[in-house]
Every structure is written in structure tokens, then in C-alpha cells.
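Heads up: the structure comes next, in C-alpha cells.
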Amino acid sequence: MTNFVRPALLIDAAASAATAALLIAGTNLLEAWLNIPAVVIREAGLILVPYIGLVAIVATRPQISTRAVWIIIACNALWTAASFAILAFISPNGLGVVFVIGQALAVAALGVLQWAALRRGAISVA
């Protein structure tokens with residue numbers, strides 16, 4: 001059976017790395033464009049760094065741990081919920097709202113993709 005979890009995890013790691021790089025390197029520019037405080041932008045990028053490491057390690061193991069994938073799915077769900085929740089505490093402009101909601105929906109889609117791959121029984125329990 002084709003393993004659909006590994007590509008889903010690798011996509012997650014790559015997308016998270018690109019997002020972290022954007023948030024960390026572009027903090028000041030994003031603050032001006034999105035009207036989101038620099039500290040929120042930078043911290044979001046820094047929070048992603050260990051997550052990227054976790055996802056990359058899990059994705060590159062010869063046998064992928066189902067428990068680890070569930071943890072990653074839970075992290076994606078928490079990130080999505082936190083993204084919507086943060087909107088109650090900051091005052092982004094319209095582009096900022098679109099950015100926050102857009103990335104939250106992208107993260108949710110990755111979690112759904114990973115969940116769907118698990119449902120297919122694409123990996124064995126480790």
C-alpha cells in the first residue's frame with residue numbers, strides 16, 4: 001500500500017519551514033503590511049522551529065509512528081484554533097486578517113490530509 005502519510009508530513013515540514021523563515025526574516029515588513037505586532041509575528045515563527053524538527057524527524061523514520069502523527073495532527077489543530085483566537089487580542093488590518101485566516105486554513109488542511117492518510121491505514125503502528 002502506498003504510504004500517503006510521509007508525503008503529507010514532508011509537505012507540512014516544508015510549508016512550516018517556509019512560513020517560519022518568512023515570519024522570522026520578514027517580521028518588520030510583515031508588521032507594517034499586516035498591522036500585527038512584531039512580537040507576535042516573530043514568536044509565531046520561532047514556535048515553528050521545534051515543530052519543523054519534530055515533523056521532519058517523524059517523516060524520515062523508516063517506520064512512521066502513528067502516535068507521532070496523531071501528535072502532529074493535534075499540533076495542527078491547536079495552531080489553527082490559536083490562529084483564530086489571536087484575532088481577538090490583536091487588531092490586524094484587512095490583509096492581516098486574510099493572512100492569519102489563510103494560514104490557519106492551510107494548517108487545518110494539512111491536518112486533515114494527515115488524518116485521511118492515517119484512516120487509509122497507510123502506515124503501521126510503531
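Read-outs throughout are calculated quantities, based only on the coordinates presented, and are distinct from any laboratory measurement. On a predicted model such as this, the values are computed, not experimentally measured, just so you know. FYI the Cβ positions are ideal-geometry reconstructions off the backbone, even for glycines, and counts take in every protein chain you see.
Report the label-to-label distance for Ile24 and Leu78 in nanometres (one decimal), using points 7 Å from each Cα along the Cα→Cβ vector.
Between Ile24 and Leu78, the label points sit 2.0 nm apart.
Using DSSP to define loop residues, name the chymotrypsin sites (Phe, Trp or Tyr not before Pro) in the range 21-126 whose beta-carbon has at most 15 other beta-carbon atoms within 10 Å.
Passing both the DSSP loop test and the Cβ count: Phe89.
Distance from the Cα centre of the range 1-44 to that of the range 65-114, in angstrom?
11
Which length gain, in nm to one decimal place, applies between Phe89 and Ser65 when the Cα-Cα distance is subtracted from 0.36 nm times their residue separation?
Value of the extension gain: 5.0 nm.
Would you kindly derive the ³J(HN,Hα) couplings of the range 102-113 from the backbone phi angles with the Karplus curve 6.51 cos²θ - 1.76 cosθ + 1.60 (θ = phi - 60°), listing them in order in whole Hz, with x for Gly and Pro?
So the J values, rounded to whole Hz, are x, 5, 5, 5, 5, 5, 4, 4, 5, x, 5, 4.
Give the share of C-alpha pairs in each 10 angstrom bin for the range 5-119, from 0 to the last occupied bin, in whole percents, shortest bins first.
14, 47, 28, 11, 1
Stretched out fully, how many nm does the piece from Ala56 to Glu43 gain, at 0.36 nm a residue minus the Cα gap?
2.6 nm
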